[in-house]
Amino acid sequence: MEKSRWTWMPHAGHYIRGGECRFRLCTCVGRYIVSTVGELPSRADAREFEPVGCGRLYETMVFRAVKSKNGCCPYEMETPSEVDFRGYNDPRKARIGHMELCRKWAREGK
């Protein structure tokens, strides 16, 4: 699927506290949703970040997409349907990883 046909969505695509994360990317590429979250403010000290998983401040997960019935976005993740995952501790690596997985699953989702 060409990048020009990807759907960028304005929210976290996964993680129970994803809406609190300062770093959120959510992209539908063909039949898959690629979601990256991170920079979760600590409840004890807002200047610090809490891990979003074991030993990581950022993570990307890929899920199968289905048509959404809500008015926000045209697609939502099929649950449970995780097909790929990466963890990071650097925002640059998280952004690069998100884009790599978007390209990978756009090829898979043709």
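Brief remarks on what is shown
- Close amide H contacts of F49 (hydrogens built in the peptide plane, cut-off under 5 Å, sequence separation of 5 or more or a different chain): S42.
- Counted charge near G87, where neighbours are those whose Cβ lies closer than 10 Å (Asp, Glu -1; Lys, Arg +1): +2
- For the range 5-69, GluC sites (Glu not before Pro) meeting the loop criterion (DSSP other than H, G, I, E, B) and having at most 14 other Cβ atoms within 10 Å: E48.
- Net charge dipole, the chain: roughly 440 debye, given to the nearest 20, about the Cα centre with Cβ charges of +1 for Lys and Arg and -1 for Asp and Glu.
- Sorting K104, K69 from the fewest to the most surrounding beta carbons within 10 angstrom yields K69, K104.
- Long-range amide H partners of S68 with built H, under 5 Å: Y75, E76
- Cut-off 9 Å between beta-carbons: net charge of the residues surrounding A65, Lys and Arg +1, Asp and Glu -1: +1
- Computed from backbone phi, the HN-Hα couplings of the range 61-67 come to 10, 10, 10, 5, 9, 10, 4 Hz, rounded to whole numbers (Karplus: 6.51 cos²θ - 1.76 cosθ + 1.60, θ = phi - 60°; Gly and Pro given as x).
- Ranked I33, I16, criterion: other C-beta atoms within 10 Å, fewest first: I16, I33
- Dipole of the chain, positive end: most advanced residue of S42, C21, W6 [Cβ charges, Cα centre]: W6
- Here is the list for the range 1-82: chymotrypsin sites (Phe, Trp or Tyr not before Pro) lying in DSSP coil, each with at most 16 other C-beta atoms within 10 angstrom of its C-beta, are W6.
None of the figures in this text is laboratory data; all of them are computed from the coordinates on show. The shown structure was predicted, so the numbers you read here are calculated from the model rather than taken from an experiment. With ideal geometry, Cβ positions are generated from the backbone for all residues, glycine too; neighbour counts draw on all protein chains shown.
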